[in-house]
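*Asks:* Provided herewith is a single structure, encoded as structure tokens, for subsequent inquiry.
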Amino acid sequence: MYKVHPFVENNEALILSIADEIGIAFVGASIGTNIAGTHLPLSIKKQADQIIFSGHLMKQTDHHKAFENTPEVLVVYSSPSAVIDANWYASPSQASTINYIAIHAKGTIHFKDEAGTYEAIKAITNQHINSNSNAGFEQIPTSYLQQHVKAIVAFEIEVKQIDAVFKLSQNKTLAEQQNIIQQLKLRNHLGDAYIAQKMETLIQ
């Protein structure tokens, strides 16, 4: 991780808020000389001082087998990114760069049994889907749930270390930061609006 001052972020509440906003993370583990991983939507909670990520995955995949054999995992959240054109600086004769937010967490994964998996699916469905809608959890046929819950397994990851880099031009002057925000909004490439908004929040 590119942990260089002044880009390192230590505000845990802010880090978890951004992770929750991003929603999906890469979860990976090493098996000898090989690495296995996948992108998974995760829920975040705190129990006392313990950060816990939770989710579910398909059984018997390479990453499921890897996590069973090597429960120490790396979780990576990546925000949209934006190229920062050096022409936007007061002195353009320097390198252009990329602004982004990255969150890395190391922890231990624990799998749940079938009953725990059922409850986890119910919880995450109710979190994102209106329970009174036609797609609400209570509207899903029991036969469908029983069939599909056997193919997946829920898990929790107990986070042991979390690091974050918010690379948002903090090393530039306020005037340069304001111009970067303006230029990002004018260019409006994929990721530009997100980075502009995060930069605006930072300098407020």
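*Asks:* Return the only residue of K112, K65, K46, K59 being surrounded by 12 or more Cβ atoms within 10 Å (Cβ to Cβ), farther than 28 Å from Q146 by Cα and among the charged types (D, E, K, R).
*Replies:* On the way: K112 fails: farther than 28 Å from Q146 by Cα; K65 fails: farther than 28 Å from Q146 by Cα; K59 fails: farther than 28 Å from Q146 by Cα.
Among K112, K65, K46, K59, only K46 is surrounded by 12 or more Cβ atoms within 10 Å (Cβ to Cβ), farther than 28 Å from Q146 by Cα and among the charged types (D, E, K, R).
*Asks:* Can you find a residue that is more than 22 Å from Q127 (Cβ to Cβ) and acidic (D, E) anywhere in region 19-31? Talk me through it step by step, then tell me what you get.
*Replies:* Filtering region 19-31 down to residues more than 22 Å from Q127 (Cβ to Cβ) leaves 28-31.
Going one step further and asking which of them are acidic (D, E), we end up with none.
No, every residue in region 19-31 fails to be more than 22 Å from Q127 (Cβ to Cβ) and acidic (D, E).
*Asks:* Among the numbered criteria (1) modelled with pLDDT under 95; (2) more than 16 Å from L42 (Cβ to Cβ), which single criterion is violated by I124?
*Replies:* All conditions are met except number (2).
A quick yes/no check of all residues on (1) outside any helix (DSSP H, G or I); (2) basic (K, R); (3) touching a residue at least 60 places away in the same chain (Cβ under 8 Å); (4) closer than 23 Å to E21 by Cβ:
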residue: S91; (1), (2), (3), (4): yes, no, no, no
residue: A95; (1), (2), (3), (4): yes, no, no, no
residue: I103; (1), (2), (3), (4): yes, no, yes, yes
residue: I121; (1), (2), (3), (4): no, no, yes, yes
residue: S169; (1), (2), (3), (4): yes, no, yes, yes
residue: Q182; (1), (2), (3), (4): no, no, no, no
residue: Y194; (1), (2), (3), (4): no, no, yes, yes
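*Asks:* Please enumerate the residues belonging to region 1-34 that are exposed (fewer than 13 other Cβ atoms within 10 Å of the Cβ), over 16 Å from the mean Cα position of the chain (by Cα) and either assigned to a strand (DSSP E or B) or not polar (S, T, N, Q) (or both).
*Replies:* Within region 1-34, Y2, K3, V4, H5, P6, G32, N34 meet the criteria.
*Asks:* Quick one: which of N99, N126 is part of a helix (DSSP H, G or I) and of a type outside the set (V, I, T)?
*Replies:* On the way: N99 fails: part of a helix (DSSP H, G or I).
Residue meeting the stated conditions: N126.
*Asks:* Which one of the conditions (1) loosely packed, with under 13 Cβ neighbours inside 10 Å; (2) within 30 Å of K167 (Cα to Cα) does N130 fail to meet, given that it meets all the rest?
*Replies:* (2)
*Asks:* Among the residues of region 144-168, write down those that are out of contact with any strand residue (DSSP E or B) (no Cβ under 6 Å at 6 or more places or on another chain) and crowded, with 17+ Cβ neighbours inside 10 Å.
*Replies:* Of everything in region 144-168, just one residue is out of contact with any strand residue (DSSP E or B) (no Cβ under 6 Å at 6 or more places or on another chain) and crowded, with 17+ Cβ neighbours inside 10 Å, namely V149.
The values are calculated or read from the model by the stated rules, or taken from the named source; none is laboratory data. These numbers were taken from a predicted model, which means no experiment stands behind them. Heads up, the Cβs are rebuilt from the backbone with ideal geometry, glycines too, and the neighbour counts pull from every protein chain shown.
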